[in-house]
Amino acid sequence: MTGEIEDAIERADREAFTQDPPKTLKGQIGFLLKQFGSAKAVAAEIGVTADSVNRYRRGARKHARADVAAKIDEAVKARWQPVVRKRRQKKAATSGGITVETRARFGYTAPVGTTDDGRFRRLTVHLPAMYAKRLFDARDAGASDQEMRSIIAEGFKDVYFQDGGSRATGLSDVEINDIDYLDLDY
């Protein structure tokens, strides 16, 4: 199961497509066959038999069941235009940074005499390229959703809460909890 952060990265990647993925069942299966190399491998990915994949490829079966069609669509979109995805991620990680829009409960550790009660905030914050690089590297290394949340939380701490070190210098350990939604743009 993927986490909220990984889903947000995937949605942001899909916004970068320069061409739409195939929409017909025959076109989608043809694309997957090129990616996987065999009907057996495609069948294992989408949960049908190799014979069904070949029927879809030939056009003998024009429509798949709704659950299978959703798996096919997801498999195509996940593999569509990998070069475009990597180019955008590289730009974000080297120069552009990443914009995070979220509504979530933020908790933090603050000095004595101040409040550290977590509360819901709606924030849109542009994080520098180093946080984008760390986020993509963590995802590629198979990091958990919690580890990726901590990278974003650290970026929020530095950029939003401490404003680059000019305020709230005693603030430490910002956490993101109870995410209503989270979107990324880069």
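The numbers here are math on the coordinates, done by the rules we state, and not lab data. Note that the coordinates shown come from a computational prediction; the quantities given were computed from them, not determined experimentally. Positions of Cβ are backbone-derived with ideal geometry, glycine not excepted, and every protein chain shown enters the neighbour counts.
For the chain, the longest principal axis of the Cα atoms and the long axis of helix 145-156 meet at an angle of about 40 degrees. Estimated at 0.36 nm per residue, the fully extended path between T24 and T94 surpasses their Cα-Cα distance by 21.5 nm.
Evaluated with a Cβ-only charge set (Lys, Arg +1; Asp, Glu -1), the stretch 1-86 carries a dipole of roughly 660 debye about its Cα centre, given to the nearest 20.
Taking Lys and Arg as +1 and Asp and Glu as -1, the other residues whose beta-carbon sits under 10 Å from that of E101 total 0. Just to be sure I understand: with springs between alpha-carbon atoms less than 10 Å apart, which residue in A44, A129, A143 has the highest mean-square fluctuation in the Gaussian network model of the chain? Residue with maximal mean-square fluctuation among A44, A129, A143: A44. Here the simple spin-label model places points 7 Å from the Cα toward Cβ, and for A78 and D140 these points are separated by 1.9 nm.
Hey, could you grab the Kirkwood Rh for the stretch 1-103? Inverse mean 1/r over distinct alpha carbon pairs, Å, one decimal. Roughly 15.1 Å, rounded to one decimal. For a straight C-alpha distance cut-off of 27 angstrom, the lysines reachable from K23 (same-chain residues fewer than eight places away being disregarded) are K34, K40, K62, K71, K77, K86.
Here is the list for the stretch 1-66: GluC sites (Glu not before Pro) lying in DSSP coil, each with at most 14 other C-beta atoms within 10 angstrom of its C-beta, are E15. Working note: Cα atoms of the chain, range along each principal axis, descending, whole Å: 72, 31, 24. Measuring between their Cα centroids, the stretch 34-53 and the stretch 124-152 lie 33 Å from each other. Label sites at A129 and R65, each approximated as a point 7 angstrom past Cα along Cα to Cβ, lie 4.9 nm apart. Toward the positive end of the charge dipole of the stretch 42-95, about the Cα centre and with charges on Cβ (Lys, Arg +1; Asp, Glu -1), which of A50, V68, T94 goes farthest? Sorting the options by dipole projection puts first T94.
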